[in-house]
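Read the structure below first, then the notes.
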Amino acid sequence: MNPNDMKRRHALRLAATAALAGAAGAGNAATTAAKPAIRPLAFNDPIWNREMSARLEGDADPKKFVYGCVSGMVNGVRDGERVRPLMRFEVFSTIRVVKQPDGSYHRLCREVVFYRNLETGKLMDEWDNPYTGERVKVVDVANDPFNYIISDFFPEPPRYGGLNKEQAPPRRPFIRNWMMLDEETVGLESDIHLYYPSALKPEKWPRESPGAMSRVSELFRYAIRRADLENPDLGHIPHHGVWNRITPWLPWMLMDQAPGHIVYSGLFGSRKSLDAYPKDIIDRVRERYPTYLVAPEKMEGTSLSSLERYALEQKPAAPRVKP
């Protein structure tokens, strides 16, 4: 073979190899460029906890708000007998978070709770109390507002209009109880336990009152996609979980200060639109609480639980007529 031909073929092979290598490099560069940014998990960083908590509750864009929901069972607990399912419940809420100059967020919420008949599934305005045999008026929970501050320190206990005088603990960095449930799922525990003077004083509310004190606990268990926590482009982080509330007898049950209590147990999450709710829930919100369809825009009013609001908005029941 002509030496010049050999040199020419060798040069062509070198050029082809270089072209292939260049194409592969360009492909790798394109893959690297296309890879989305990641916000690393930082369970022990109070700032990360603040930012993720705000995005779980609402949306980083203050012009947007998030629909919340809980659906589950109301159970009665008395000594000497098994726990008794009494009715179902539905929670509808709207939540907005607004960032403040110091980096904290105002968490702004309206929430309503309706009750369903255990047998028919229909929303109730009256209920037959199986403990007393009495038909009673059902009172919706309608909390407007129920607000608090999300910062890089744990919030103080709710004051409920000054009733809860528990001394605030020393400020603690806002490091919450996160855990890896599996490689793709993050769990979060969030509990609060309160014991404070009841707004329903026995001398004024003998039928509704739980006694001199109210013991209330709320227990949340979240399940969150790891990819959503790591996605910096998500203003709101979707989630699901389990919510339990331990509380005195509902005041409208008219239990006459009998021993025992209520346990709410339900599944919660966030929803993108009203279309995701049962129609009867949205119809009732529109009819009774139309302002609740939009979250508040600023902090105003006193945040109370349903027990304190009941004492402000209802009247004591007449004494029970005994047979």
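Tabulated values for the structure
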| read-out | value |
| --- | --- |
| Residue match in region 203-223 (condition: assigned to a helix (DSSP H, G or I), at negative phi, open to solvent by 20 Å² or more (accessible area, probe 1.4 Å) and free of Cβ contacts under 8 Å to residues at least 60 places away in the same chain) | no |
| Residue identified as over 28 Å from Tyr289 (Cβ atoms), out of contact with any Pro (no Cβ under 6 Å at 6 or more places or on another chain) and either of a type in the set (S, T, N, Q) or at pLDDT 95 or above (or both) among Gly133, Gly76 | Gly133 |
| Pairs, first farther than 30 Å from Ile149 by Cβ and open to solvent by 50 Å² or more (accessible area, probe 1.4 Å) in region 302-323, second part of a loop (DSSP other than H, G, I, E, B) and of a type outside the set (D, E, K, R), C-beta under 8 Å, six or more apart | Pro316/Trp205; Pro316/Pro206; Pro319/Pro206; Arg320/Thr132; Arg320/Leu254 |
| Top-ranked residue in region 264-282 [being open to solvent by 70 Å² or more (accessible area, probe 1.4 Å) and not basic (Lys, Arg); ranked as farthest from Arg245 (Cα to Cα)] | Asp275 |
| Leu194 being touching a Pro at 6+ places or on another chain (Cβ under 8 Å), assigned to a loop (DSSP other than H, G, I, E, B), under 27 Å from Tyr310 (Cβ atoms) and open to solvent by less than 60 Å² (accessible area, probe 1.4 Å) | no |
| Qualifying residue in region 172-184 (condition: part of a strand (DSSP E or B), open to solvent by 20 Å² or more (accessible area, probe 1.4 Å), touching an Asp or Glu at 6+ places or on another chain (Cβ under 7 Å) and free of Cβ contacts under 8 Å to residues at least 60 places away in the same chain) | yes |
| Per-region count, region 119-130, residues touching a Leu at 6+ places or on another chain (Cβ under 9 Å) and open to solvent by 30 Å² or more (accessible area, probe 1.4 Å) | 1 |
| Residue in region 171-189 that is within 30 Å of Thr291 (Cβ to Cβ) and hydroxyl-bearing (Ser, Thr, Tyr) present | no |
| Residues being open to solvent by 30 Å² or more (accessible area, probe 1.4 Å) and either over 24 Å from Trp48 (Cβ atoms) or in contact with a strand residue (DSSP E or B) (Cβ under 8 Å, 6 or more places away or on another chain) (or both) - total across region 224-255 | 8 |
| Flag if Thr291 is in a helix (DSSP H, G or I) and within 30 Å of Pro157 (Cβ to Cβ) | yes |
| Hits in region 96-111 (condition: buried (at least 19 other Cβ atoms within 10 Å of the Cβ) and either within 19 Å of His261 (Cα to Cα) or basic (Lys, Arg) (or both)) | Arg96, Arg107, Arg110 |
| Residue that is of a type outside the set (Lys, Arg), open to solvent by less than 30 Å² (accessible area, probe 1.4 Å) and outside any strand (DSSP E or B), where the choices are Ser93, Ser53 | Ser53 |
| Wholly enclosed strands (runs of 3 or more DSSP E) of region 121-164 bearing at least 1 residues in contact with a Ser or Thr (Cβ under 8 Å, 6 or more places away or on another chain) | 141-143, 148-150 |
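The values are calculated or read from the model by the stated rules, or taken from the named source; none is laboratory data. Keep in mind that what you see is a predicted model, and the values were worked out from it rather than measured. Note that we place each Cβ from the backbone using ideal geometry, even for glycine, and neighbour counts take in every protein chain shown. Just the protein is used for accessible areas: all its heavy atoms, side chains included, with ligands, DNA and RNA removed. Shrake-Rupley method; radii C 1.70, N 1.55, O 1.52, S 1.80 Å.
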